[in-house]
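Here's the structure, in structure tokens; my notes come after.
The values are calculated or read from the model by the stated rules, or taken from the named source; none is laboratory data. As the structure is a prediction and not an experimental result, all values here were calculated from the model. Here Cβ is always computed from backbone atoms with ideal geometry, including for glycine, and neighbour counts include all displayed protein chains. Only protein heavy atoms, including side chains, enter the accessible area calculation; ligands, DNA and RNA are left aside. Shrake-Rupley method; radii C 1.70, N 1.55, O 1.52, S 1.80 Å.
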Amino acid sequence: MTADIDFTAFFDATPSPYLVLDADLVIRYVNPACLRAGRTKDELIGKYFFDALPENPGIRDDAERDLKAALHRLVHTGKPESAVLQRYDVPAPDQQDKFEERWWSVIHTPLCGPDGTVKWIIQQVTDVTAFVHSPQAHQLSKETPERTESMAAELYARARELHRLNQELRQAHAREQQVAITLQEAMLSVPDLDRHTNIAVRYLPAAASLNVCGDWYDIVDLPPDRYAVAVGDVVGHGLHAAAVMGMLRSALSAVIRAIPSPAQALEVLGLYARSVDGAMAATAVKVLIDTRSKLIVYSNAGHPPPILLHTDGTYDLLDQATDPPLGTREHHVPRPQAGIPYTPGDILVLYTDGLIERRDEDIDTGLARLTTALAQDQTLPPDLLADALLTRLNVAEGVFDDIALVIIRL
């Protein structure tokens, strides 16, 4: 769940110095830790950064020019800027025109507005002056008779390299996540779903995953008066699980078009799963809905049972045709199949185990929680019911396992 955080209180409490600039480099906020250097809020808030914190005129270096260039570069590119070691002296308290030597490790982070342009700059600084003047630093200075700045920069080389590598890792992760999301969306495309206003689907990856998972759903029209629905779950998370999911889902979608029998379709899928690396022990449930005879025919390969909620609040678990997961039998055995009638207005719910399973809790407890939540909102349309159900089960913001959900108003 998203925490309700007062971020001003957060920055006020943190021991690290922070200040916030706008895109014109005017200071808009400073936290108490930042004021310990001796300046007051009145001296900083609303002032242009380099007027409020001028460069020491007695030191000839490029500190102000380099810092100003980094800030303007950040505003232009929207990318964070950092300086692992930078000298920038501060005015001495109560001593006009006097400065105190200061060395800083600085990180500038951009915050963009709705239009994508940089609106704010968060400056986080760490005073490393004590380190620069430490005995260890002086010892290295003796061994390497160069400028103190070069000596300190050498000491910080590993930290600078680590920061660069972290930046590259974050960028690589962002690229991988975008590829993963695109892949998942393509594999979960369900063209026949557009013709069913009575069906709602939801897909929630595990909170710690790349936004992809091995859970899936599918809807296939079988004209003139039947359609098939499936939900499945591949062991694991991430890109490999998603790829296996895509193969199994596509295979079952093709089979049910040629063999409109849930049991026989899962038989074929089980044989196929034995040849797919990572597909062993995947689970799936397949239902065939005949709108003319008002009958649900189903077969289950190791998956949590679908729920048929009746208009009077009672329900049936579709658990009379349950078999082991895909590919787990050494020899081929025909899978069972069962049927159950329904009444128009009933609700059929298919889901994966992430919706009901919790650590250190019996699965029956999760099923009871699900059926209770369904009964509380059963009069809602499918889309609203799906959202209400996820909220009541406290999984709308993600959990430790993936979730696929299909709700059908029959």
For the range 289-399, fraction of C-alpha pairs farther apart than 20 Å, in %: 48 percent
Förster radius 56 Å - calculated FRET efficiency between N198 and S16, Cβ distance, rounded to 0.05: 0.55
Mean Cβ-within-10 Å packing, highest first, puts peptides 291-300, 264-273, 359-368, 323-332 in the order 264-273, 291-300, 323-332, 359-368
Of all accessible surface on the range 279-388 at a 1.4 Å probe, what whole percent is carbon and sulfur? 52 percent
For A375 paired with R359, estimate the spin-label separation in nm (one decimal), with each label point 7 Å from Cα along the Cα-to-Cβ line. 3.1 nm
Could you list which residues have their amide H under 5 Å from that of V128, counting only those 5 or more apart in sequence or on another chain, with H placed in the peptide plane? W103, W104, S105
log₁₀ I(q)/I(0) of the range 343-387 at q = 0.23 Å⁻¹, via Debye over equal Cα point scatterers, no solvent, to two decimals? -0.87
